[in-house]
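Undergrad: Sharing a structure here in structure tokens format.
The values are calculated or read from the model by the stated rules, or taken from the named source; none is laboratory data. Remember, predicted model here, so these are calculated numbers, not experimental data. Cβ atoms come from the backbone with ideal geometry, glycine included; neighbour counts cover every protein chain shown.
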Amino acid sequence: MTAKAGKPTAKPVSVQAGKPVRKPGALKGKIRIAEDFDTPLSDNLLAIFEGWPKSFNS
């Protein structure tokens, strides 16, 4: 017990440290992935993502 001027101010307690429990399928039906998710990007869009020189983007 922590006290100030003889009055209790805080009570130390143990902390339960551990990994949160994961439940498989918890997001089922809440996430949608587009049909064309894995189609190749156009050269222009790929250049933007990879930071190629701006002259390539013209």
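Undergrad: Quick test of your reading of the structure: Gly29 fulfils all but one of (1) assigned to a loop (DSSP other than H, G, I, E, B); (2) at negative phi; (3) at pLDDT 85 or above. Name the failing condition by number.
TA: For Gly29, the exception is condition (2).
Undergrad: Quick check on my filter: what residues within segment 42-58 are in a loop (DSSP other than H, G, I, E, B) and modelled with pLDDT under 90? Before the answer, list the steps.
TA: Here is the first cut: in segment 42-58, the ones in a loop (DSSP other than H, G, I, E, B) are 42, 51-53, 58.
Of everything in segment 42-58, those that are in a loop (DSSP other than H, G, I, E, B) and modelled with pLDDT under 90 turn out to be Gly51, Trp52, Pro53, Ser58.
Undergrad: Which pairs have Cβ atoms under 8 Å, sit 6 or more apart or on different chains, and link a residue in segment 22-50 that is in contact (Cβ under 8 Å) with a residue 60 or more places away in the chain to one that is of a type in the set (Val, Ile, Thr)?
TA: Pairs that qualify, where the first residue is in contact (Cβ under 8 Å) with a residue 60 or more places away in the chain and the partner is of a type in the set (Val, Ile, Thr): there are none.
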